[in-house]
Every structure is written in C-alpha cells, then in structure tokens.
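Colleague: Here you go, one structure.
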Amino acid sequence: MHTDMRKVISLILGGGRGTRLFPLTKIRAKPAVPLAAKYRLIDIPISNCLHSGINRIYVVTQFLSVSLHQHIRQTYRFDNFSGGFVELLAAQQTMESETAWFEGTADAVRKNLRYFDDEDCDYVLILSGDQLYRMDYSDMLETHIKSGADVTIAAIPVARSAAHALGIMRCDDTGRVVGFLEKPKTDEEINMVAMTPGWIDKMGIQSRGRDCLASMGLYIFNKSLLFDILNKTNYSDFGKEVFPAAIRSRKVQVHLFDDYWEDIGTIRAFYEANLSLTTPNPPFDLFSADKPVYTRARFLPPTVIDGATVTGSLVADGCRIGKGTIIENSVIGLRCIIGEGVTIRNSIIMGADYSETDDELARLVTNGKPRVGIGAGSLIDGAILDKNARIGRHVQVVNNLGLIDSDEFDPCYVRDGIPIVTKDASLGDGWTMTKSK
C-alpha cells in the first residue's frame, strides 16, 4: 500500500519545564539538551520525519526556547521548491487568549491551530521531543489508513515490571484500543489492561514474556477530528484526557513497534541512553547509512589524540586530548580540550560552544581561572559535564559520598546518583565533592 506522506504534517511537543532533567534544563528546553556528543534531542524526531517523507514540521515549546530556536534555524533549511520547513511555535499572548502559557500538550496544540489550519493535509502526526528511537512513520500511517481509524497510537510491548511507569493499553483482536490505564500500580490494575503473549505473537511480534502494551506518546489524528476535539473541549493533555476520551467515542487503533525506544525523561535515563551508544553493538545505530541523524553542520578540525588511551567511547570533532589521558566508556562532545593525565570513565562530557582565543587564554592565566575544558590530572567518573564547563587541574568529579540527590555542591548537582556540572560552571584547581561550598 502506498501512503502519501505529503498529506501529513508533524507537531513535535517540546514538553514542560523539564524538572526531572534539571540541571540540564536549567537554561534550555528539553529538546535542546545535547545528545551523543554532537546532536540534540530534537534531532531525533525531526530526522525520523524527514526519513519518513514528512517535511512540514512544527516544534511547540514554551520554556527556555532560545537555544532550541537557534539550533533549528541554523540546521534545518529547505529549498524554495520543496515547501518544507521546521518551524518553532513558542507560547505567546494572542487576542483570543490572554494566558500565554500552555496548560498541557493538548492546550499547546489548541493555541497553535491557526498555524496549520490552512495547511493542505489530512493527518496530523504528534510526537514527543525527548525520545530516542528510529521509526518510519509511513508504516504507522499505513496502519491508520488500513484500519479506518480516527486516531492511531504507537505502542511498544513491555514486561509487567515496567508497566507502573507507563500508560498501558488493552486492545481487541483487531488492534482497536478498548482500554487505557495511566501508570497502573497494582497487579489487579495491570490485569485490567494486560494482553496475552499469544496476542502479541499473533500480531507478528515476539512477545518474549512481555504482555503489556505501553503508549509511546506518538499519535496520528485525522485532522478534522483533532480540530473538532480541541475546539469543542477544554482538554489540556493528550495522554490523560484526549486519548482516553477518543477511546470511548472514536476508533483508536494501535500501531505496534518493536525496536529500541527510550523516553529521555530523567537524568538516569539520559545518562544510560548516552552511554549505551558507546557499546560495540549499540541499541540505537548512529552509523546508519540510509537513515542518519541530522544535525547542525559545523566546520571543525579533526580531533587530535596525543598519546592518550581511548576505549569504548564516542569522540566528536574539534577535540584535543593530552598525553597519558585515559578515556573509557564515555561520550566526549565538540571542542573538548582535555589536559594531560586526565581520567574520564563512564561519563558524558558535552564539550564547548566555542574555542577560546590566545588573548582570552592569556587573560584567564592572569586571573587564575581555568580554561574551558578539563585540566591536567583531573578525574571525571560517572558524571555529566554540561557545555563550556571549566575544570581546573587535579579536580575530582566523583560521587564518593554515595549521594542520590543533592544541591550542596552548586555548581555541581547530584541527580539519580550522578554528579552534574552545570553549563558555564567553573571548578578551581583541586576541587572535590568532599568539600562543602
């Protein structure tokens, strides 16, 4: 079956304040958080759209959207003949609404309906801006059209042990969604919406002990229905209100997906997803020849490694890594300057937005401040260094205290047991987490 993706527009939801990703979201929107040394989270759904033949894309956000806007403007440019665009829709006051802030995902779309009301499309694809996966949305649209659905939702089979953190759906024999429960807590609640492994096997996916269908938060709506729902109700959230209401009154079809998918909703999830990309057979393939991840093109020199040992790691462009340095199972971002004798293990170093000039470096020396990068003899273990961090000599960013969550060492926070040095932060020579601020 041939599906005409020209009839689809995509809305990527940027999410709320991103409190669970703090402090990475202290100065940026969730979709702008760096990923895998040289990308940003927003590059994942946009790349999926482009590979699926969708080139009319809106990104809806309201918090700290400046860096996200800059990235989109500098990265996604289309010729004058394709009609394609990636457009940022930020919260704003209008004549119809004095309340500028979005009150949920559905409210965010409702307040921006005017921008795609005149678009020549039949379907609206709604995506999340903070997930890591690769999907051809034309397959999902084919499911939608073949089933005659009003709404189609993507779902991934999960084990019962994971169901408590996700929205779980129950379907009939045709794949129509007939029940939904958000984050079921007890076995009794899970039993209300669980499928059988045999049903999943029958759908062409090996159940492997998984008997729950988790919502991925990806929807295809018939455009007319989406407009009707949002204009006639005050629903504020898709997952909690629009989707359950559609199940009761409309035909909602499930589209099964059985590949790697990670919701980057917490620091721990972000940390583990990044480090998983450094393994010999990563669950998400950055080296796909036919479906690369697109991002901003930069004109940076190759990385220079001078007598260092690098194993099981991703290293981006424009880095300089000094003699005797050891890097293991880590992600090293753009323009990282790493001194001699540094040890980096199981860490994410996001790199820098700029390179310092000789004059700037001379002033830093005069003022006794570290340069952007990591000074000689430092140890970074199990940590995240945000962009433009200035780490002095013989610094130790290691959670030796066994903390789970702490703000005591600002500008180094601990979240989910992971020390995180904030963007533009400076740690002087000899700094360790055993010192109180």
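The values are calculated or read from the model by the stated rules, or taken from the named source; none is laboratory data. Predicted model only: the values in this text are computed from it and were never measured. Positions of Cβ are generated from backbone atoms using ideal geometry, with glycine treated the same way; all protein chains shown enter the neighbour counts.
Colleague: List the helices (runs of 4 or more DSSP H) that sit entirely inside region 197-297 and contain at least 3 residues that are under 23 Å from the mean Cα position of the chain (by Cα).
Modeller: Counting at least 3 such residues, we get 267-276.
Colleague: Taking helices (runs of 4 or more DSSP H) that fall entirely within region 18-117, which contain at least 2 residues that are modelled with pLDDT under 80 and more than 21 Å from residue 236 (Cβ to Cβ)? Reasoning before the result, please.
Modeller: Values: elements: 43-51, 66-75, 105-110.
Where helices (runs of 4 or more DSSP H) fall fully within region 18-117, none carries at least 2 residues being modelled with pLDDT under 80 and more than 21 Å from residue 236 (Cβ to Cβ).
Colleague: What are the residues in region 292-304 that are farther than 21 Å from residue 277 by Cα and without any contact (Cβ under 8 Å) to a residue 24 or more places away in the chain, if any?
Modeller: Residues satisfying the conditions are 299, 301, 304.
Colleague: Follow-up question, since we're still on this one. Does at least one position in region 215-231 carry a residue that is aliphatic (A, V, I, L, M), in the same structural domain as residue 151 (by TED's automatic domain parsing), closer than 22 Å to residue 133 by Cβ and surrounded by fewer than 19 Cβ atoms within 10 Å (Cβ to Cβ)? Don't jump to the end; show me each part of the working.
Modeller: In the first step, residues of region 215-231 are kept if they are aliphatic (A, V, I, L, M); the result is 216, 218, 220, 225-226, 229-230.
Cutting the leftovers down to in the same structural domain as residue 151 (by TED's automatic domain parsing) gives us 216, 218, 220, 225-226, 229-230.
Then drop every residue that is not closer than 22 Å to residue 133 by Cβ, which leaves 216, 218, 220.
If we keep only those that are surrounded by fewer than 19 Cβ atoms within 10 Å (Cβ to Cβ) as well, we get none.
No, there is no match, as no residue in region 215-231 is aliphatic (A, V, I, L, M), in the same structural domain as residue 151 (by TED's automatic domain parsing), closer than 22 Å to residue 133 by Cβ and surrounded by fewer than 19 Cβ atoms within 10 Å (Cβ to Cβ).
Colleague: Evaluate the following for residue 341: is it at pLDDT 95 or above, part of a loop (DSSP other than H, G, I, E, B), closer than 24 Å to residue 399 by Cα and not β-branched (Val, Ile, Thr)?
Modeller: So residue 341 passes the test.
Colleague: Just checking, which of 276, 313, 236 is over 25 Å from residue 129 (Cβ atoms) and either among the small types (Gly, Ala, Ser) or touching a Pro at 6+ places or on another chain (Cβ under 9 Å) (or both)?
Modeller: Result: 313 is the single residue among 276, 313, 236 that is over 25 Å from residue 129 (Cβ atoms) and either among the small types (Gly, Ala, Ser) or touching a Pro at 6+ places or on another chain (Cβ under 9 Å) (or both).
This table checks each residue for (1) closer than 16 Å to residue 434 by Cβ; (2) of a type in the set (Asp, Glu); (3) modelled with pLDDT under 95.
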{"position": "351", "(1), (2), (3)": "no, no, no"}
{"position": "369", "(1), (2), (3)": "no, no, yes"}
{"position": "376", "(1), (2), (3)": "no, no, no"}
{"position": "380", "(1), (2), (3)": "yes, no, no"}
{"position": "398", "(1), (2), (3)": "yes, no, no"}
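Colleague: Next question. When the residues of region 283-341 are narrowed to those that are within 30 Å of residue 263 (Cβ to Cβ) and of a type in the set (D, E, K, R), which ends up surrounded by the most Cβ atoms within 10 Å (Cβ to Cβ)?
Modeller: Checking each candidate, the answer is 335.
Colleague: Same structure again: So the check is Cβ under 6 Å with 6+ separation or different chains; which pairs have a first residue in region 307-326 that's without any contact (Cβ under 8 Å) to a residue 40 or more places away in the chain and a second one that's among the acidic types (Asp, Glu)?
Modeller: Sorted first by the residue in region 307-326, then by its partner, the pairs are 311/328; 323/306; 323/340; 324/340.
Colleague: A further question on this structure: Anything in region 380-410 that is assigned to a loop (DSSP other than H, G, I, E, B) and over 24 Å from residue 341 (Cβ atoms)? List them, or say none. Let's see the steps before the verdict.
Modeller: Going residue by residue through region 380-410, those that are assigned to a loop (DSSP other than H, G, I, E, B) are 382-383, 386-389, 392-395, 399-405, 410.
401, 402, 403, 404, 405, 410 - these are the residues of region 380-410 that are assigned to a loop (DSSP other than H, G, I, E, B) and over 24 Å from residue 341 (Cβ atoms).
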